[in-house]
Amino acid sequence: MANENGLMMIRKVAEVLTFLAQGEATVAEIVEATGEPRSSVYRLLSGLQSEDFVEPGTRRGRFRLGMRLLPLGAAVVARFDERKLAQPVMERLHDLTGETVFLCVPHHDEAICVERLAGKRVQSLALRVGGSLPLHAGAASRAMLARREASEWDDYIRRNSPLAGFTPSTVVEPAGLKALLAKTRESGLAISDQDVTVGVAALGVAITDYKGQVRGALSISGLRESVLGSSLGQWGDALIAAGHEVSRALGCGLVGGQVADFG
């Protein structure tokens, strides 16, 4: 019984912290999101504040994650070799395009953002460091899903049915998604055309290691007319070359698609 109570308390704490990771919130908002009684939420927040895991927000009555979580989060991010290897490549992509550049890694059926360089002209707000998207939505996400075996596409669709739609352009119909994944796998380049945020497009390419396993994905995101305009060919080639470079550092060969000089 003691173990069950302890596990239940851990789950409650995790729910509160996970919700606050989305931004500041009031007690009422936390109660609605977690389904916990108001009195329980107050007790949880009080205990978390005493340990500096939670602190008062910028406005009265609101709460946010505390500074004690910062080194914990940094320790998790630091364990990703992909991040260290991708950083200089991401900076070159950022200099070339001026757009937001992402590094994501797969976690179950999601793509988790572990690094991001904000765009010079417009900042994509859909994905922050630590944020996630399902593998069927967004360029980085689909680049990773496309590299899985086709049988795994069916498993993914079955596990996540019905697939979440973010905009009218999100491909959620199974046959359409599988056709898009096959096209992405063939070209080596994922293209997201407003399927996460209206007006925003992105390009994505998978990163693989010496075992051929997908370790992550790089993507470029910005206004649709910029990403899918006259620069599409140049940026797409540069991104594929960047994915090749990081994959090679992880012991893998060609990621797929045309390799362009990147310098």
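Per-structure values
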read-out: Residue ID - nearest to the chain's Cα centre (by Cα), chosen from residues in segment 134-152 that are under 26 Å from S221 (Cβ atoms) and open to solvent by 20 Å² or more (accessible area, probe 1.4 Å); value: P134
read-out: Some residue of segment 162-174 being in a helix (DSSP H, G or I), at pLDDT 95 or above and surrounded by fewer than 23 Cβ atoms within 10 Å (Cβ to Cβ); value: yes
read-out: Residues within segment 17-29 that are free of Cβ contacts under 8 Å to residues at least 24 places away in the same chain and in a helix (DSSP H, G or I), tallied; value: 4
read-out: Cβ pairs under 6 Å, 6+ apart, first in segment 213-241 and over 17 Å from D195 (Cα atoms), second open to solvent by 10 Å² or more (accessible area, probe 1.4 Å) and of a type in the set (F, W, Y); value: A238/F262; A241/F262
read-out: Breaking point among (1) open to solvent by less than 50 Å² (accessible area, probe 1.4 Å); (2) within 22 Å of G130 (Cβ to Cβ); (3) of a type in the set (D, E, K, R), for E36; value: (2)
read-out: Residue among E32, E36 that alone is in contact (Cβ under 8 Å) with a residue 24 or more places away in the chain and of a type in the set (D, E); value: E36
read-out: So L45, is it assigned to a helix (DSSP H, G or I) and loosely packed, with under 12 Cβ neighbours inside 10 Å; value: no
read-out: Subset of segment 175-208 [farther than 30 Å from R121 by Cβ and open to solvent by 10 Å² or more (accessible area, probe 1.4 Å)]; value: A175, G176, K178, A179, A182, R185, E186
read-out: Close pairs (7 angstrom Cβ cut-off, 6 or more residues apart or separate chains): small (G, A, S) in segment 49-73, surrounded by 14 or more Cβ atoms within 10 Å (Cβ to Cβ) and in a helix (DSSP H, G or I) anywhere; value: none
read-out: Condition met for K84 (in a helix (DSSP H, G or I) and either in contact with a Leu (Cβ under 6 Å, 6 or more places away or on another chain) or surrounded by fewer than 20 Cβ atoms within 10 Å (Cβ to Cβ) (or both)); value: yes
read-out: Of residues in segment 48-61 being assigned to a loop (DSSP other than H, G, I, E, B) and open to solvent by less than 70 Å² (accessible area, probe 1.4 Å), the one nearest to I112 (Cα to Cα); value: F53
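The values are calculated or read from the model by the stated rules, or taken from the named source; none is laboratory data. A quick note: this is a predicted structure, and the numbers were derived from the prediction, not measured. Note: ideal-geometry Cβ built from the backbone for every residue, glycine included; neighbour counts use all protein chains shown. The protein model used for the area step is the full one, side chains on, heavy atoms only, and it has no ligands, DNA or RNA in it. Shrake-Rupley method; radii C 1.70, N 1.55, O 1.52, S 1.80 Å.
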